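None of the figures in this text is laboratory data; all of them are computed from the coordinates on show. Computed from a predicted model, the values in this text were never measured in an experiment. Here the Cβ positions follow ideal geometry from the backbone for every residue, glycine too, while neighbour counts run over all protein chains shown.
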Amino acid sequence: MLSKDLINQVPTQLTITILVYCLLASLAGCKKEEQKVVETKPEFKPQGLVLFVLGEVKMGDKQLKVGDVVPEKESIKTGKKAACDIQITGLDSDVTIRLRENSNFALSGYLKKEVKNLQMKMVTGKILVNTQKLNTKESVETITPTSVVGVRGTKFEVEIGKDLSSSISVYEGKVAAKVVIPEIEALPDDIKEKSATLQKLDAYLVEKEVVIESGFSSTVTKKYADKVLKDTGIGEILKTADKTKLTEELDKKIIPESFTEKIQKLKDQEVQAPLVKVSAKTFEEKLKEYDEIIAVEKTKLKDQKLKDEEIQKRMKSPELMKRIEQIMDKSAETLLLKSGERIPGVIYLEGNKFIVLTPEGKKEFDKEQVQDVELQ
């Protein structure tokens, strides 16, 4: 039999046990609730609004038209004698670009220490960038196979040559152009971030940036990257090292002291592209073109009706029609349809169809629909 004292203790012990169990269950429930709360990191995903299209401008298989939205990381490709104006959205500042023919372009962005970093990657072709003064919470870079061009607020142009060289010309403000080493850029991010050698090299390349001011141009070629790879020994390691141990190989075989000594021996002209004066004629012509690449006001972007009205107004701009004539090397005419409708634009015949290039986009008509073609 149980003693009286033991019997008296049972309710107390049972109560304590129940209380402990309830407390543990409650804590477990809280943990489950806590697990449901997922902290979302703020992101910056820029988009582009298409303001002008000439010729073949595609996003994947889709032919772009005025008013279309270009998402982040989607490649835009322009064909021969094609052009496309895009306004970047998601920034407080106004950034507009013009892609010229045979270009391959994509937008991307990331947020770092509350700064919105916009990256415009050019694989081929030519881009004209019109950037208003950026605030301290925004950054814009144009990335090519051989350079990174950073801006604070300016008008500049980047053209990629067949040899992947980057010709950078500035028409207002100034930019900083840094040599890019494709072999290093192709490495996984964790290797670039963990390797002390690569971090030191990046700091050196930033130090050797070329500042290009208004009225000047500079061409960054692959020879600068090749020179750095060869003289520092990094190039040989990238070719022969075990890729799974690349960070260790880089930081073991290249002693920091000797690496510093090696990069200090590189002469400025071996890692910095020379500056060349832009001709007065080219400078004047480019500024006129930049007058066409103007952003839609932020207040109008937020209102669909106002945005559409503004875009339609721009499409009637005589300057854009002149630009089409210049790009196509053909004067504008007027297509007279049998219905009585008149379609002005640059006209040419393609099979059994009349093609009319206008600031609103390409228009097609069967021969049977056409009455005549008139000179303007």
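Which pairs in the list K178/K313; K245/K265; K174/K281; K137/K178; K77/K288 are over 31 Å apart, alpha-carbon to alpha-carbon? Long pairs (Cα-Cα over 31 Å): K178/K313.
Computed on segment 318-375, with alpha-carbon pairs under 8 angstrom and 6+ residues apart, the relative contact order is 33 percent.
Per-residue ellipticity at 222 nm from helix content only, as computed over the chain with -39500 (n - 2.57) for each DSSP H run of at least four residues, stands at -10500 deg cm²/dmol.
Take every pair of alpha-carbon atoms less than 8 Å apart whose residues are at least six positions apart; their mean separation over the length of the chain yields a relative contact order of 11 percent. Of all DSSP beta bridges confined to the chain, the antiparallel ones make up roughly 95%. Put in order of Cβ neighbour count within 10 Å, fewest first, the listed residues T142, T197 become T197, T142.
Please say if segment 43-179 is rounded, prolate or oblate, where rounded means a/c under 1.5 for a ≥ b ≥ c the square roots of the C-alpha gyration tensor eigenvalues, and otherwise the choice is prolate for a/b larger than b/c and oblate otherwise? Since a/c reaches 1.5 but b/c is at least a/b, the shape of segment 43-179 is classed as oblate. For segment 55-61, the Karplus equation 6.51 cos²θ - 1.76 cosθ + 1.60, evaluated at θ = phi - 60°, returns couplings of x, 7, 10, 10, 10, x, 8 Hz by residue, with Gly and Pro reported as x.
For the chain, modelled as a GNM whose springs connect Cα atoms under 10 angstrom apart, the maximal fluctuation among T146, T136, T244 occurs at T244. In plain terms, the residue of E207, E270 with the fewest other Cβ atoms within 10 Å comes first and the most crowded comes last, giving E207, E270. The alpha-carbon of K262 sits under 16 angstrom from the alpha-carbons of these aspartates and glutamates, leaving out residues fewer than 8 places away in its chain: D202, E207, D226, D231, E236, D251, E270. In the elastic network of the chain, a GNM with C-alpha springs shorter than 10 Å, the most mobile of A203, A295, A176 is A203. Indicate the gyration tensor shape class of the chain (rounded, prolate or oblate), computed on the Cα atoms with a ≥ b ≥ c the square roots of the eigenvalues: a/c under 1.5 is rounded; otherwise a/b larger than b/c is prolate and the rest oblate. In terms of gyration-tensor shape, oblate.
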